[in-house]
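> Supplied in structure tokens, the structure appears directly below.
The values are calculated or read from the model by the stated rules, or taken from the named source; none is laboratory data. On a predicted model such as this, the values are computed, not experimentally measured, just so you know. Reconstructed Cβ throughout: ideal geometry from the backbone, glycine too, with neighbour counts over all protein chains shown.
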Amino acid sequence: MDIKAYIASGILELYVAGTLSEKESQEVFALTQQYPEILEEVKSIEASIVKLTASVAPKDAKHSFNTIKTQITSAENDTKVITMDKPKTNWFTYVGWAASLILAAGLLWMVNENNILKQQIEVVETDKEFLETQIENANNSLAEAEKLVDILRDRNIVEVPLDGQGDFANAYAKVYWDQNSNSIYLDAKDLPEAPEGKVYQVWSLTLNPLTPTSLGTIDDFNTDTNKIFTITNANASEAFGITLEPAGGSETPTMEQLYTLGVVASTP
Amino acid sequence: MQLEQLVSKFQQKDVKAFEMLYNMYSESMHGVIYNIVRDKEIAEEIMQDVFIKAWHKSDTYSAKKGRFFTWILNIARNAAIDKTRSKNFKNANKNLNADFFVGILEHSDNLDKQTDAIGIKKFVTKLAEKCKEVIELLYFKGYTQKEASETLEMPIGTIKTRNRNCINELRAMLDV
């Protein structure tokens, strides 16, 4: 084989350029392995092309192998990291789900607890209102009792016992007359309950001549608990009486129904 | 180390060997790519992509099919040409410089202290127009002998011998 003629044909330049067919390239490769002269020629051609093409490259380029190195090595690390991370990710997922389930259960429990507490507060509120009412009632009772005690101890008050009359001998009442405030306090504890459609009427009397003046009816007699009634009385009374009259009261006392009567002991 | 050993180690994913190959050919690939895309940033980007691609498909290289340089030259040219065909690139670079690689050399004023580059600049300015064309098409653009003969309207045999003579002139100037 004429090596010089083969080299001079220009096929090696095309071989380096990469324009030969695969079959032609394989032939050239075989010859480079066989003839060192051909291989050297190829290397020289290649070196000149490398230099020529390199001279065209922009000279202020910033590229370096490190950029590529980081990319190819980090790409390898990435794949490793992915395989190692997989079980970790699953573990995290499970823990995450478990945590959210626990959290959800906890929230439901707390909502439930909150409702129970709210109901308990409502019950306590009701109890409190009830107790407050009781305290108020007790306070009212106490105030009334204190008032009664004050009345009983007042030296300006005149006591007038009203004894049962006729058929009503068991009846009894007592008038405490506060002449300073022109009012009487009638303690009617020992009068029987007024029958349906009837009311007790209180009278102020002067004796000479006998003149009754109505002090009004006791409409709430049956419902009042302590049976003490405050009644205004500006008259110069000499006696007090109580009769049972039809509802609404009468102009004059019905004497057959006179329950109690008492005379004021000493006229001031 | 012999090129064959270097390439073989590179194919076994030896980063050091890869770095040596990179140092040998990256400038060259950069030049080829830049001549096609005519954009410094894009050219650098493609050049790095080319080497990363080469690393990942290193097992597809076989010395029987051609030189390692030729293999990576093909990857580089294809990547650069693909880029020029992409829609974004066409829109951004409507007026691609029609000059050959010699235009870049003739107009570049920052050839550094690289004596080779300065020598090559002198060489290309003296180089006959037909040499510029044939080197441009065969090495920078990756034309086949047939495509080059059609573009330059000359017989296939003439392309072959003319290219041989042009490379000889280059080698004489570079002393390789």
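> Is there a residue being at pLDDT 85 or above, part of a strand (DSSP E or B), in contact with a Pro (Cβ under 7 Å, 6 or more places away or on another chain) and surrounded by 15 or more Cβ atoms within 10 Å (Cβ to Cβ) anywhere in segment A:155-174?
yes
> Condition test on A:L148, is it more than 19 Å from the chain's Cα centre (by Cα) and either closer than 30 Å to A:A194 by Cβ or in a helix (DSSP H, G or I) (or both)?
Judged against the criteria, A:L148 is a match.
> Given the criteria more than 9 Å from chain A (Cβ to nearest Cβ), surrounded by 20 or more Cβ atoms within 10 Å (Cβ to Cβ), among the β-branched types (V, I, T) and part of a helix (DSSP H, G or I), does B:V50 qualify?
On the way: more than 9 Å from chain A (Cβ to nearest Cβ): yes; surrounded by 20 or more Cβ atoms within 10 Å (Cβ to Cβ): yes; among the β-branched types (V, I, T): yes; part of a helix (DSSP H, G or I): yes.
For B:V50, the condition - more than 9 Å from chain A (Cβ to nearest Cβ), surrounded by 20 or more Cβ atoms within 10 Å (Cβ to Cβ), among the β-branched types (V, I, T) and part of a helix (DSSP H, G or I) - is met.
> Given the criterion surrounded by 13 or more Cβ atoms within 10 Å (Cβ to Cβ), more than 30 Å from A:M255 (Cα to Cα) and not assigned by TED's automatic domain parsing to the domain that holds A:G249, identify the matching residue among A:E136, A:E144. Working first, answer last.
Details: A:E136 fails: surrounded by 13 or more Cβ atoms within 10 Å (Cβ to Cβ).
After ruling out the rest, the residue left standing is A:E144.
> What number goes with the only condition from (1) surrounded by 14 or more Cβ atoms within 10 Å (Cβ to Cβ); (2) more than 10 Å from chain A (Cβ to nearest Cβ); (3) polar (S, T, N, Q) that B:T125 does not pass?
Every condition holds for B:T125 apart from (1).
> Pairs, please: C-beta under 8 Å, at least 6 apart or cross-chain, first residue more than 21 Å from B:L138 (Cα to Cα) and in segment A:19-37, second surrounded by 15 or more Cβ atoms within 10 Å (Cβ to Cβ)?
A:L31/A:Y6; A:L31/A:I38; A:T32/A:I38; A:T32/A:L39; A:T32/A:V42; A:Q33/A:L39; A:E37/A:I7
> If B:I118 meets every condition in (1) in a loop (DSSP other than H, G, I, E, B); (2) at pLDDT below 75 apart from one, which number is that one?
(1)
> In segment A:42-57, what residues are surrounded by 20 or more Cβ atoms within 10 Å (Cβ to Cβ) and either more than 9 Å from chain B (Cβ to nearest Cβ) or not hydroxyl-bearing (S, T, Y) (or both)?
A:V42, A:I45, A:E46, A:I49, A:V50, A:K51, A:L52, A:A54, A:V56, A:A57
> Here is a follow-up. Of the numbered conditions (1) facing chain A (nearest Cβ under 10 Å); (2) part of a helix (DSSP H, G or I); (3) touching a residue at least 24 places away in the same chain (Cβ under 8 Å), B:M20 satisfies every one except a single condition; which is it?
(3)
> Considering segment B:155-176 alone, what residues qualify as being within 7 Å of chain A (Cβ to nearest Cβ) and part of a helix (DSSP H, G or I)? Working first, answer last.
Taking segment B:155-176 and keeping what is within 7 Å of chain A (Cβ to nearest Cβ), we get B:160-161, B:163-164, B:167, B:170-171, B:174, B:176.
B:K160, B:T161, B:N163, B:R164, B:I167, B:L170, B:R171, B:L174, listed by residue number.
> Quick one: which strands (runs of 3 or more DSSP E) lie wholly within segment A:199-268 and hold at least 2 residues that are among the polar types (S, T, N, Q) and surrounded by fewer than 20 Cβ atoms within 10 Å (Cβ to Cβ)?
Filter on segment A:199-268 gives A:211-218, A:228-232.
> Something else now. Mind checking whether some residue in segment A:25-37 is among the aliphatic types (A, V, I, L, M) and surrounded by fewer than 14 Cβ atoms within 10 Å (Cβ to Cβ)?
Yes, there is a match, as at least one residue in segment A:25-37 is among the aliphatic types (A, V, I, L, M) and surrounded by fewer than 14 Cβ atoms within 10 Å (Cβ to Cβ).
> Now, a different point. Can you name every residue in segment B:54-99 that is hydrophobic (A, V, I, L, M, F, W, C), modelled with pLDDT of 90 or more and part of a helix (DSSP H, G or I)?
B:A54, B:W55, B:F68, B:F69, B:W71, B:I72, B:L73, B:I75, B:A76, B:A79, B:A80, B:I81
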